[in-house]
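The values are calculated or read from the model by the stated rules, or taken from the named source; none is laboratory data. Predicted model only: the values in this text are computed from it and were never measured. With ideal geometry, Cβ positions are generated from the backbone for all residues, glycine too; neighbour counts draw on all protein chains shown. The area values use the complete protein model at the heavy-atom level, side chains included, leaving out ligands, DNA and RNA. Shrake-Rupley method; radii C 1.70, N 1.55, O 1.52, S 1.80 Å.
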Amino acid sequence: MPKRGGFFLVFTRLQTRLWMLVAAGTILMPFISGCGSHYVLLHPAGPVARRELDLTVYAAVTMAVIVAFVIALLILTLIRYRDRPNNPHAYTPEWHDHRLMESLWLIIPAVVLAAVAIPTVKTTYALARLPKGSHPLVIDVTSLDWKWMFEYPDQHIATVNYIEIPTRRPVLFELTANSPMDAFWVPELGGMEYTMSGRVLPLWLEADRQGLFWGRSAQFSGIDFEKMLFHVRAVSTPSFNTWTASIRRSKPAMTLDTYHRLLRFNTVGVGEYSSYPRSAFPSITHGFGLSGGMYPVLSNHPQKN
Amino acid sequence: MSFMAVYLFYLYMIHTLFPENVRQPTELGADVMIIGTGIIIVSVLTRYKKWRWLWSEWLTTVDHKKIGVLYLISALAMLFRGGVDALMLRTNLALPNIQPIGANEYNEVFTTHGTIMIFFMAMPFIFALFNAVVPLMIGARDVAFPRLNAISYWLFAFGALLLNISFVLGGSPNAGWTAYAPFTERAFTPGVGENYYFMSLLIAGIGTTMTGINFLVTIIRMRAPGMTFMRMPLFVWTTLTTSALIIFAFPPLTVALALTLIDRLFQASFFTLGHGGMPMMYVNLFWLFGHPEVYIVVMPAFGIFSEVVATFSGKQLFGYTAMVLSVVAIMLFAYGTWVHHFFTMGAGPSVNVFFGLSTMLIAIPTGVKIFNWIFTMWGGRIRMTVAMLYQIAFIPTFAIGGATGVMFAVVPADYQLHNGYFLIAHFHNVLIGGTLFGLLSGMHYWWPKMFGFSLNERLGKLAFWLFFIGFWITFTPQYMLGFEGMTRRLYTYPLGYGWHMLNVISTLGAFTMGAGFVVLVYDIVWSLFKMPRDATGDPWNGRTLEWALPSPVPEYNFARIPVVTSRDMFWWMKRHHATIADQLKPNDIRELDLPKNSPVPFILGLGFFIFGFGMVFEWWLLAFLGLAIIIGSLIYTGFDYDEHKQVSADEILHIEQSLGRLQG
């Protein structure tokens, strides 16, 4: 076997060390940066996001135990059984079966996965329903190319690319689209849900502290989809009421014309409207009704007025 | 008058073939590269008078070993293309608000990156290894349907060509490798790009389905005497389960692609908005294929690792029966998890919980396999060859990728992590750490069997370390970016999110992997000229039947079909001082019928290409011409009974003698 491999080998050792250093730096990064506020998923601002984060961390830690065990076992094996002269550890080329050990690593992963599965089932059902006895604020969301339109059916106002919500009150988002699919996501408040034409999907979120949170479409929908940004401001209930009142008083009404202008393929800034055409949600989502969706809408979803 | 007509035709062609979005500097660069490479290839072939050799030895071949080589070359070329795409993407994201390539090109590049890596890199790479060794491992002379095998290759090759020319003729697809309706409907993606996507995958998909059928039949029907199912090497088992997955997974894809194409070309409304279209159904059909596809690309890697780990530990595979049962279990479970790709599409908690649990269930047989690989090494003598290094790197990498996969099965976690960079990091973790490491391991392992010389170990190790370290530098930051809320398919991002630091690191890692690829190619070229030829046919002290044959293997594989009496048959023979030659006496050699070369597969592929190109641009005359070629070559091959050539006993005797394989 020839030893030399040409000019690529000149820097091998130096390069290897250099890359080891970079790799170590990469792995240490999160600890050095101290999980700053950029890590939006690690700084939940509401009960939904918090439960999701707790479960994520729980699952990650549980899986990390198994992964760490596997890696340790691998390293031990490599140290003991490397092919070198006078290796003192027994060479057993015919050893290929051990009933007890094989059942053991069938059972251990099963137990660990059960430990992940049980809270998964509980939390999934818990987050699919609004908390019992709550009176949610309803916001109807329509994703358009490439902007977000929000309607407050109880307050009779509409906004574009911006919403305000009261803290400590669940908000029920009813999601639909008048465009290809998008995904409605405010990471600090909780997980995402797709918006699809012809269907209304429910998603409830809640903020338990005041603040300004960003949201965006998480599903690719064309050339300007990275600009499909919106902001959510969580404020106290009185401020929220003041805000809705001021919009009703001082902002223009959204006419069907305004709505049709929003349907064009473009991006727009923030908009606030004192009223909106009743037919805008969801009956003009490309002119067809809501029957015939693949999945039923959740049974406890409140009737719209 | 006629001048006007010519001029209008010229304008039409220019605007159809080179629309605005194709007349960009990068695409012109690609044009120059493609034309330049073409000129070089043609002039080299002409200079050395190799045209006839190319046609008779390669383009018309039906020999599974040569088809394996063709697949391998194509796969490496596509790995280059997909890798360059990846570097373009990472360059664009390296810093906030820099746009070396614009939004539309970025969308095209991430679409072709995914499509090429899955369909035109991983799949042919897998088929390269199937073709190169599966018939040898089971003691067969060829696959069950040699001509069909060649047709499969040429359909793949022309499908890949169709997708690749899109970048310079008419514009590339730009809706992601999943091509979700309704975005891929004409209303949202006008132009020919998406037509290319659907048409090329349809053509390549026919080839893939036929390969699945071919290898399923080969393994069931063509095993040597004594090669019972429970004596088959594990790579043969994973080939069997992969083939079964292909046969049942590709039809839903074909349906989804064909229906969308009919929507686009003939104004139907299967998945349109309005008119009763149901876009959600596309997503279901796509992932009904897409999830088994994940196992289609990773199971062969499981098989490769099972061979590599036994050989380089000098030890029997630990828990063979459990390994077989777990690949079969994975094959069956693979059909029952597809909804986990869209938990956030409103299926409701009960459906989500069902598919979350079924996804976790599939982790159990995978875990069993990982422990069995480690215990194959336990008590062995581990030789750190390049193939084995990829295996050792695979175990922790895949364990971590699997663990993050289980996190996605935790439905509430998926709601936050879906479509973010955590997801990107997860699937690259399993696809690179599982599939690509497996394929590279298999390539280094079986290279001497395919070509008759080994690859340089030192260069191979350098490439390995660049890949492995580069991989973690690329994807560790991406896992973290997921927690910073960065979503996939953004072509750029503003400064304020704090995503830039991790993106810079990730880009550096991507270029490290790129350097690894350059070293790999250099390794191949260097070894081609400098490595000594392998005279033994068994450079690794192998265990399975393919190592009992000389390298490269003669066209007929086995002069006499061996009788198998044990698992790891070649290992058993070596322990009992037996060779294949022992079984072979000159009188035993009879004349053989071998499949004869045929131009039909190549011409059929060309017909599909012309048909596809016509469909893409809606030039119906051209499409009909392609269709006529397809039907014509099918009729021709249907009545062509001259499929075999005879190799005389003397000829075989002569070859075996010259290889020193004959006793007495």
May I ask you to list the residues in region B:235-259 that are in contact with a Phe, Trp or Tyr (Cβ under 6 Å, 6 or more places away or on another chain), closer than 30 Å to B:THR272 by Cβ and open to solvent by less than 10 Å² (accessible area, probe 1.4 Å)?
-> B:ALA249, B:LEU253, B:ALA256, B:LEU257
Have a look at A:ALA234, A:ALA207 and point out the one that is more than 9 Å from chain B (Cβ to nearest Cβ), assigned to a loop (DSSP other than H, G, I, E, B), touching a strand residue (DSSP E or B) at 6+ places or on another chain (Cβ under 7 Å) and buried (at least 16 other Cβ atoms within 10 Å of the Cβ).
-> A:ALA207
Test B:PRO182 against the criterion of being open to solvent by less than 20 Å² (accessible area, probe 1.4 Å) and either in contact with a Gly (Cβ under 7 Å, 6 or more places away or on another chain) or touching a residue at least 60 places away in the same chain (Cβ under 8 Å) (or both), and give yes or no.
-> yes
Residue check, B:GLY485 part of a loop (DSSP other than H, G, I, E, B) and either modelled with pLDDT under 95 or open to solvent by less than 10 Å² (accessible area, probe 1.4 Å) (or both) | yes
Taking the options B:THR189, B:THR218, name whichever one is in contact (Cβ under 8 Å) with a residue 60 or more places away in the chain and either crowded, with 19+ Cβ neighbours inside 10 Å or outside the structural domain of B:PRO562 (by TED's automatic domain parsing) (or both).
-> B:THR218
Return the only residue of B:SER358, B:SER350 being surrounded by fewer than 20 Cβ atoms within 10 Å (Cβ to Cβ) and touching a Gly at 6+ places or on another chain (Cβ under 6 Å).
-> B:SER358
Reported set for region B:9-25 where residues are open to solvent by 100 Å² or more (accessible area, probe 1.4 Å) and either of a type in the set (S, T, N, Q) or more than 17 Å from B:ASN195 (Cα to Cα) (or both) is B:PHE9, B:TYR10, B:TYR12, B:GLU20, B:ARG23, B:PRO25
For region A:173-200, enumerate the residues that are open to solvent by 10 Å² or more (accessible area, probe 1.4 Å) and under 20 Å from A:PRO47 (Cβ atoms).
-> A:GLU188
Would you mind stating whether A:VAL121 is open to solvent by 10 Å² or more (accessible area, probe 1.4 Å), assigned to a strand (DSSP E or B) and either facing chain B (nearest Cβ under 10 Å) or out of contact with any Ser or Thr (no Cβ under 9 Å at 6 or more places or on another chain) (or both)?
-> no
Answer yes or no: is there a residue in region A:214-231 that is open to solvent by 20 Å² or more (accessible area, probe 1.4 Å), charged (D, E, K, R), more than 8 Å from every other protein chain (Cβ to nearest Cβ) and over 19 Å from the mean Cα position of the chain (by Cα).
-> no
Of the conditions (1) touching a helix residue (DSSP H, G or I) at 6+ places or on another chain (Cβ under 8 Å); (2) of a type outside the set (A, V, I, L, M, F, W, C); (3) open to solvent by 10 Å² or more (accessible area, probe 1.4 Å), B:TYR641 clears all except one; give me its number.
-> (1)
Out of region B:514-537, which residues are open to solvent by 30 Å² or more (accessible area, probe 1.4 Å) and either over 26 Å from the mean Cα position of the chain (by Cα) or not assigned by TED's automatic domain parsing to the domain that holds B:LYS461 (or both)?
-> B:PHE529, B:LYS530, B:PRO532, B:ARG533, B:ALA535, B:THR536
Tally time: how many residues in region B:456-511 are within 9 Å of another protein chain (Cβ to nearest Cβ) and touching a Lys or Arg at 6+ places or on another chain (Cβ under 6 Å)?
-> 0
Quick one: which helices (runs of 4 or more DSSP H) sit completely within region B:101-172 and have at least 3 residues that are surrounded by fewer than 24 Cβ atoms within 10 Å (Cβ to Cβ)?
-> B:103-115, B:146-165
All but one of (1) buried (at least 22 other Cβ atoms within 10 Å of the Cβ); (2) assigned to a helix (DSSP H, G or I); (3) touching a Leu at 6+ places or on another chain (Cβ under 8 Å) hold for B:PHE511, so report the exception by its number.
-> (1)
Quick one: would you say B:ALA334 is of a type in the set (Gly, Ala, Ser), more than 22 Å from B:GLY405 (Cα to Cα) and either under 24 Å from the mean Cα position of the chain (by Cα) or more than 9 Å from chain A (Cβ to nearest Cβ) (or both)?
-> no
Test B:ALA322 against the criterion of being at pLDDT below 95, assigned to a helix (DSSP H, G or I) and either surrounded by 21 or more Cβ atoms within 10 Å (Cβ to Cβ) or of a type in the set (A, V, I, L, M, F, W, C) (or both), and give yes or no.
-> yes
In the set A:GLU226, A:GLU188, A:GLU193, the lone residue that is closer than 25 Å to A:SER37 by Cα and either of a type in the set (A, V, I, L, M) or part of a strand (DSSP E or B) (or both) is A:GLU193
Taking region B:36-66 and keeping only residues that are open to solvent by 100 Å² or more (accessible area, probe 1.4 Å) and within 30 Å of B:TRP446 (Cβ to Cβ), one is left with B:ILE40, B:TYR48, B:TRP51, B:ARG52, B:TRP53, B:TRP55
Kindly provide the set of residues from region B:522-532 that are under 20 Å from B:ARG81 (Cβ atoms) and more than 11 Å from every other protein chain (Cβ to nearest Cβ), ordered by number.
-> B:ILE524
Kindly indicate whether B:TYR390 is of a type in the set (Phe, Trp, Tyr), more than 7 Å from chain A (Cβ to nearest Cβ) and either assigned to a helix (DSSP H, G or I) or open to solvent by 10 Å² or more (accessible area, probe 1.4 Å) (or both).
-> yes
Would you be able to say whether some residue in region B:374-384 is farther than 17 Å from A:ARG80 by Cβ and either at the interface with chain A (Cβ under 8 Å from one of its Cβ atoms) or in a helix (DSSP H, G or I) (or both)?
-> no
Being open to solvent by 50 Å² or more (accessible area, probe 1.4 Å), in a loop (DSSP other than H, G, I, E, B), in contact (Cβ under 8 Å) with a residue 12 or more places away in the chain and farther than 30 Å from A:ASP97 by Cα narrows B:ARG560, B:ARG567 down to just B:ARG560
Out of B:GLY452, B:GLY460, B:GLY402, report the one residue that is under 30 Å from B:THR544 (Cα atoms), at pLDDT below 95 and either in contact with an Asp or Glu (Cβ under 6 Å, 6 or more places away or on another chain) or open to solvent by less than 10 Å² (accessible area, probe 1.4 Å) (or both).
-> B:GLY452
Filter region A:57-92 for residues that are open to solvent by less than 90 Å² (accessible area, probe 1.4 Å), in contact (Cβ under 8 Å) with a residue 24 or more places away in the chain and under 18 Å from B:PHE371 (Cβ atoms); the one that is nearest to the other protein chains (Cβ to nearest Cβ) is A:MET63
